[in-house]
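In what follows, a structure is listed as structure tokens, so that the remarks can point back to it.
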Amino acid sequence: MSNSKGILVVLSGFSGAGKGTVVKRLMESYDTYALSISATTRQPRVGEEEGKSYFFKTVEEFEKMIEEDKLLEYANYVGNYYGTPADYVNNMLKSGKNVLLEIEIQGAMKIKEKNPDAVLVFLTPPTADELKNRLTNRGTEDLATVEKRLSRAGEESNGIENYDYILVNDDLDTCVKEFNEIVVSEKKKTFRNREFISEIQNEVSKFKK
Ligand code: 5GP
């Protein structure tokens with residue numbers, strides 16, 4: 001098929017749903033994706049690297065990016081700014097990669113508004129208890145932050161219906177495989193292949209008597 005443009009895929013999910021792990025495995029398993037690295041004003045966690053996990057910014061630097069229209073979307077999440085640099089996304093889509101945005105729900109809604117062809121996937125653990133366990137046991141946040149993130153999960157749960165797909169992260173391999181299947185199927189949708197369709201229509205119409 002002649003559709004060479006990639007698609008924009010948004011992955012959201014409760015804090016602790018395992019988005020990071022799913023994204024990591026997806027990037028290792030397929031070469032058809034480009035992962036957008038966000039800018040944030042949150043402090044780096046132990047082991048996080050500048051330009052790999054995030055572009056870490058001061059509030060002033062982040063607000064300058066907003067003013068200069070450098071972000072595709074941005075949101076405030078539990079007291080910090082997070083945003084998607086636009087240039088990388090646009091360049092990667094043009095080059096044919098499927099671009100992955102791992103972002104929270106407000107940003108996801110903005111992406112859908114600006115770019116209705118984007119595919120939105122919501123990732124959830126199998127149960128609420130499992131969510132609480134994962135978030136508490138990963139030990140990357142203090143208790144107060146865990147509480148805030150759980151409370152935010154409660155708010156976000158009302159927005160799941162606005163996503164195109166819901167994916168349960170129970171078994172990692174299955175989850176990653178299913179995510180890729182969603183994207184592969186999406187790429188086959190007729191509205192994404194208009195050029196190819198009109199080419200084949202032209203050719204086939206020559207057979208008419
Ligand atoms: P964390 O602090 O755990 O890395 O991220 C907190 C939340 O911010 C997660 O839900 C993550 O998906 C979201 N997030 C990360 N980058 C962006 C971004 O560029 N835009 C938006 N809207 N959310 C983001």
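A few comments on the model shown:
- From 11, 26, residue being within 18 Å of residue 165 (Cβ to Cβ) and either among the basic types (Lys, Arg) or within 12 Å of the ligand (Cβ to nearest atom) (or both): 11
- Region 67-81 residues that are in a loop (DSSP other than H, G, I, E, B), paired with ones that are within 10 Å of the ligand (Cβ to nearest atom) (beta carbon under 8 Å, 6 or more apart): 70/85; 78/145; 78/149; 78/152
- Across region 17-52, the qualifying residues are those that are touching a residue at least 24 places away in the same chain (Cβ under 8 Å) and in contact with a Pro (Cβ under 8 Å, 6 or more places away or on another chain), and the one among them that is nearest to residue 66 (Cα to Cα) is 39.
- Here the condition is being under 17 Å from residue 10 (Cβ atoms), modelled with pLDDT of 90 or more and touching an Asp or Glu at 6+ places or on another chain (Cβ under 6 Å); of 160, 105, it holds for 105 alone.
- Any hit, region 41-55, residues being surrounded by 15 or more Cβ atoms within 10 Å (Cβ to Cβ), of a type in the set (Ser, Thr, Tyr) and more than 9 Å from the ligand (Cβ to nearest atom): yes
- Look at region 163-186: where a residue is farther than 13 Å from residue 122 by Cα and a partner is exposed (fewer than 12 other Cβ atoms within 10 Å of the Cβ) and modelled with pLDDT under 95, sitting 6+ places away or on another chain with Cβ atoms under 9 Å, you get 170/126.
- Among the residues of region 111-128, some residue qualifies, meaning at least one is of a type in the set (Ser, Thr, Tyr), surrounded by fewer than 14 Cβ atoms within 10 Å (Cβ to Cβ) and at pLDDT 90 or above.
- Residues of region 82-105 satisfying the condition of being touching a Phe, Trp or Tyr at 6+ places or on another chain (Cβ under 7 Å) and either over 12 Å from residue 39 (Cβ atoms) or without any contact (Cβ under 8 Å) to a residue 24 or more places away in the chain (or both): 97, 98, 100, 104
- Any hit, region 89-107, residues being in a loop (DSSP other than H, G, I, E, B), under 17 Å from residue 120 (Cβ atoms) and within 7 Å of the ligand (Cβ to nearest atom): yes
- Residue among 164, 129 that alone is within 30 Å of residue 46 (Cβ to Cβ) and more than 14 Å from the ligand (Cβ to nearest atom): 129
- Residues that are in a loop (DSSP other than H, G, I, E, B) and farther than 23 Å from residue 140 by Cα within region 1-57 comprise 1, 2, 3, 4, 5, 6, 7, 30, 31, 32, listed in sequence order.
The values are calculated or read from the model by the stated rules, or taken from the named source; none is laboratory data. Since the model is a prediction, treat every value here as computed from it, not as a measurement. In this analysis, Cβ positions are derived from the backbone assuming ideal geometry, glycine residues included, and neighbour counts consider all displayed protein chains.
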